[in-house]
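Shown next, in structure tokens, is the structure this report addresses.
The values are calculated or read from the model by the stated rules, or taken from the named source; none is laboratory data. Note that this is a predicted model, so its numbers are computed, not measured. Positions of Cβ are backbone-derived with ideal geometry, glycine not excepted, and every protein chain shown enters the neighbour counts.
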Amino acid sequence: MKLDTLRDAILYFSDPVRCREYMVANRWPNGVECPRCGSQDVLFLEKYNRWHCRAKHPAPQFTLKTGTVMEDSAVGLEKWLPAFWLLANCKNGISSYELRRALGVTQKSAWFMLHRIRLAMNMEPRVKMGGPEGGAVESDETFVGGNPKNMHKSRRLAIQKKRSEIADWKASHRHSDKVPVMGLLDRENRQVRARVVPNVKRETLQNEILEQVECGSKVYTDQASGYYDLAAREYIHETVTHVQEYVRGEVHTNGLENFWSLLKRTLRGTYVAVEPFHLEGYVAEQVFRFNNRATRDNPLNDADRFALAVSQISGKRLTFAELTGKVGETREPF
């Protein structure tokens with residue numbers, strides 16, 4: 001069956017056998033393998049909907065969820081797969097409350113599911129951007145944080161007090177209460193890479209460029225001090241002064257500005273409040289949708305994005321303790 005819409009996906013994956021067949025074909029195209037030892041000498045136990053590995057090692061039985069972001073989840077695949085479809089294809093994301101109503105799970109479970117799917121969407125870059133014969137690269141940074149007028153009075157007063165104690169705050173600490181995010185856009189293939197960074201100091205920004213961009217590439221930035229003397233790192237560096245202009249020929253960062261607007265529209269409109277501890281996942285989600293959007297040269301559809309997200313579930317694990325920052329904590333005795 002061809003999956004074109006969310007309705008098609010819901011109807012198709014309502015059958016557990018179809019869910020299993022789809023996941024096996026997607027995860028093990030060359031035959032089912034044991035996720036613990038890699039052996040294909042396995043036996044399917046239909047009564048228990050799991051496989052048994054004939055190799056001798058601890059825990060020989062495994063399911064479709066073993067070794068994936070869905071491991072140890074009590075939620076069935078008939079709910080997991082539509083959740084993947086929704087997050088991969090809703091342009092402004094989907095909140096845990098909306099997913100709760102759509103799937104019939106608790107809000108806590110929906111929130112945990114969405115974070116696990118974001119982990120699957122996080123793709124590690126394989127090659128560097130730009131290159132002497134490639135396209136130019138834009139580099140820019142933004143700051144993510146709440147608007148003081150929307151905060152609780154006590155928090156707003158605490159921020160105002162903090163700012164008043166900093167000398168010349170407007171000149172050097174305008175975003176001291178926000179989280180910096182750095183992004184790079186390759187104009188040749190229209191792909192974005194973005195991540196949360198600890199600060200926007202020169203060392204941090206230029207190390208990111210050195211790690212992600214080929215030497216000899218054209219790098220376009222604004223006049224932030226963090227990019228000072230980038231040409232000495234073997235890059236062709238040109239800047240645009242936003243006080244005077246936003247575009248000078250090919251020199252601009254408007255491609256990344258577009259991505260920042262999409263990211264912040266999603267954070268403000270759908271997710272409303274995002275903790276800095278979890279921001280990396282939300283950035284990865286937006287990067288995934290942006291890099292796999294439908295374009296003239298890359299006509300991806302909803303089914304393609306869904307299949308790509310599902311194909312990246314293996315070898316990744318996120319526990320609730322890790323998600324909530326409570327690894328190693330023990331409960332107090334009653």
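V287 is checked against (1) part of a helix (DSSP H, G or I); (2) more than 16 Å from the chain's Cα centre (by Cα) and fails just one. What number does that condition carry?
It fails just one condition, (2).
So which residues in the range 225-274 are modelled with pLDDT under 90 and of a type in the set (D, E), if there are any at all?
D229, E234, E245
Inside the range 182-230, can you point out the residues that are surrounded by fewer than 18 Cβ atoms within 10 Å (Cβ to Cβ), hydrophobic (A, V, I, L, M, F, W, C) and in a helix (DSSP H, G or I)?
L210 - this is the single residue of the range 182-230 that is surrounded by fewer than 18 Cβ atoms within 10 Å (Cβ to Cβ), hydrophobic (A, V, I, L, M, F, W, C) and in a helix (DSSP H, G or I).
Surrounded by 18 or more Cβ atoms within 10 Å (Cβ to Cβ), aliphatic (A, V, I, L, M) and in contact (Cβ under 8 Å) with a residue 60 or more places away in the chain: which single residue out of V69, V42 fits that description?
None of the other options fit; the residue is V69.
From the list I159, I166, which one is in contact with a His (Cβ under 6 Å, 6 or more places away or on another chain) and modelled with pLDDT under 85?
Of I159, I166, the one residue that is in contact with a His (Cβ under 6 Å, 6 or more places away or on another chain) and modelled with pLDDT under 85 is I166.
State yes or no: is A309 over 30 Å from K2 (Cβ atoms) and of a type in the set (G, A, S)?
no
From (1) of a type in the set (V, I, T); (2) out of contact with any helix residue (DSSP H, G or I) (no Cβ under 8 Å at 6 or more places or on another chain); (3) closer than 20 Å to I117 by Cα; (4) surrounded by 12 or more Cβ atoms within 10 Å (Cβ to Cβ), pick out the condition that doesn't hold for T266.
With respect to (1) of a type in the set (V, I, T); (2) out of contact with any helix residue (DSSP H, G or I) (no Cβ under 8 Å at 6 or more places or on another chain); (3) closer than 20 Å to I117 by Cα; (4) surrounded by 12 or more Cβ atoms within 10 Å (Cβ to Cβ), T266 is out only on (2).
Take the residues of the range 189-222 that are within 22 Å of the chain's Cα centre (by Cα) and among the acidic types (D, E): which is farthest from E280 (Cα to Cα)?
In this case the residue turns out to be E211.
Just a yes or no: is a residue in the range 73-81 within 26 Å of K264 (Cα to Cα) and part of a helix (DSSP H, G or I)?
Within the range 73-81, not a single residue is within 26 Å of K264 (Cα to Cα) and part of a helix (DSSP H, G or I).
Across the range 290-321, what is the number of residues that are part of a helix (DSSP H, G or I), over 30 Å from G38 (Cβ atoms) and among the β-branched types (V, I, T)?
Counting residues in the range 290-321 that are part of a helix (DSSP H, G or I), over 30 Å from G38 (Cβ atoms) and among the β-branched types (V, I, T) gives 0.
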